Structures are given as C-alpha cells and as structure tokens.
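All of the numbers you see were taken from the coordinates with simple rules; none came from a lab. Remember, it's a predicted structure, so these values are computed and weren't measured experimentally. No Cβ is skipped: glycine too gets one built from the backbone with ideal geometry, and neighbour counts run over all protein chains shown.
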Amino acid sequence: MFDPFLEILNSSIRTQGGEAKAVPDGLGECRNEEKGSLIKSWLWQVPGFRRWRVSRLDAGESLQVLNSVAYPDYNIDQPLMGLDLLWFGKGQKLVAILDFQPLIQDQAYFDHHLQGLKSLQSRFPELNSKETMRSFDPNQYFSPWLLFCRGGSEQASSFLPEAFSAFLQCYWELHLQNSQQVSLIPAAKVKQLQIAYDVYNAERDPAHGLFTSHFGKAWSDRFLHEFLFPASTKPEASLPAGS
C-alpha cells in the first residue's frame, strides 16, 4: 500500500542531492517467512542533514508501515521531519502522522519554523484530528499543527497522497529558508536536543513491540538502538539537554 509513498519520499531525497549510506550490518533488511513480513531500511546522506532514515515494513494484507525521520545538521535549528504511515489490514484502519517535530516548545520557535505546516493543516482539514496521541506526550516533540488522522482505505487513497507530497515540499522549503539564516539555537545545544529526542523516543517507541513480534527481540533491540535512535546509547545521552 505504501510503496508509492516510499518512492515519492526516496525520489524527493535524491532530487535534493541525497546519496545512500550503509545501514548497520544486518539491519538493512529482515524477513519473517512464517508471517510473510519483510522490513527494509535506508540511510541517506543529504546536504544540510546529518542523518535521514527511512524504513518500510510490508506484512502483506495484515500490516503496512512507512516511517522516516530527518535530522538537520547541528548548525541548523529547524525541526526534525517525522512521518509515520500505518495500515492495519484486519481492522481496515489507517494511521497517518506527519509533523515538523520541534526541538523546543517555544512560541518564537514555532513562529519561525512552523508557519508552512500551519498552512498545510488548514489546507488538509482531514489531517486536523484533535484525537489524543497515544504513547507520547503531544506537547513534547510534536508541533501544534501536527497532521494526524485515523481513517480507512478511502483516506489512504484520496487526500493522503497529495498531502504527503505537499508536506515534503513544505519541509524542503523550510530547509532552504533555514540554510540561508543564522540559527536561533547554538549548534552545541541543538546537538543535545537531538540526542534528547533519541533518548525520549527510544524509551517510548510503540513500534518496538511490533517489530519484536515480527522479527524477534534481539534483532528489534538492535534496530531500535543502532538504527532508529542511535544517539540514545551514546555517552552524551546521559547529559541534560541544556548542558
């Protein structure tokens, strides 16, 4: 279901000068023949970003997942790009989460970085759900204009493709704007804030249990700490974000 979205994403990254990087050994692909599930992951080196990861889980009619997070260079204080698309075939349920994930919860920061996302939320009211987020505090690492919905196959094929492309374009425009300006937050603090992001998400990521059920605990633990949120295991992760 999400292969067209994956191609749009990877094509967009390549258009912006992205080049594929090596994924940690054994984590680029994993298959469960019994469950008919396959997960593939990519790392991209993109100008202006220190890390951009993409993962695609295909478990046939039962489950489909597309996930990606982009980490700007430390000298650019713009939000991280985070997206999750999930399809649960048994219940015919779609979950879509698209956000510019802020490093800090501050109105001046929002005003500087999130006007484009705010406009997108007005443009796509179907993604303007006020439903409470699960597993995460919506007031930490999520923006006030998070694009979010729970729906069905109609939503996945109607407005979502257009919204997905517009979301990526908006983020590239934000990046161009920020690459030409001096950041409001010093690079050293941006680094600590990005580390704090990895620590927070590694502790709460609900997908870890899903990956464990398909690919086993040992592999999923490595995937969580070595690919999804690698900064969570580094020595700097024990430091407070403001240090």
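Observations on the structure shown:
- J(HN,Hα) series, the range 48-58, from Karplus relation 6.51 cos²θ - 1.76 cosθ + 1.60, nearest Hz, glycine and proline x: x, 10, 8, 6, 9, 10, 9, 9, 9, 9, 10
- Pairs of Lys residues in the chain are counted when their Cα atoms are under 23 angstrom apart and they lie 8 or more places apart or on different chains; the count is 14.
- Using only side-chain charges placed at the Cβ, +1 for Lys and Arg and -1 for Asp and Glu, the dipole size of the range 27-148 relative to its Cα centre rounds to 200 debye.
- Of the peptides 165-171, 98-104, 29-35, 1-7, the ranking by mean beta-carbon count within 10 Å, highest at the top, reads 98-104, 165-171, 1-7, 29-35.
- Each Lys and Arg adds +1 at its Cβ and each Asp and Glu adds -1 at its Cβ; summed about the Cα centre, the chain shows a dipole of about 180 debye.
- Most positive-pole-ward Cα, Gln140, Leu120, Gly91, against dipole of the chain from beta carbon charges: Gln140
- Gly89 long-range amide H proximity, modeled H, under 5 Å: Leu63, Gln64
- What the Cβ-Cβ distance of Ala218 and Gln140 gives, at R0 = 30 Å and to the nearest 0.05, is a FRET efficiency of 0.50.
- Among 45-51, 191-197, the order from most to least packed when residues are scored by Cβ within 10 Å on average: 191-197, 45-51
- Inter-label distance, Ala20 to Ser165: 2.4 nm, where each label sits 7 Å from its Cα along the C-beta direction.
- Taking only the C-alpha atoms of the chain, the Rg (one decimal) and the largest Cα-Cα distance, Dmax (whole number), read 17.2, 52 Å.
- For the chain, the relative contact order comes to 17 percent (Cα pairs under 8 Å, sequence separation of at least 6).
- Listed values for the range 181-188 are Karplus-derived 3J(HN,Hα) couplings in whole Hz (6.51 cos²θ - 1.76 cosθ + 1.60, θ = phi - 60°), namely 10, 7, 5, 6, 10, x, 4, 4, and x replaces Gly and Pro.
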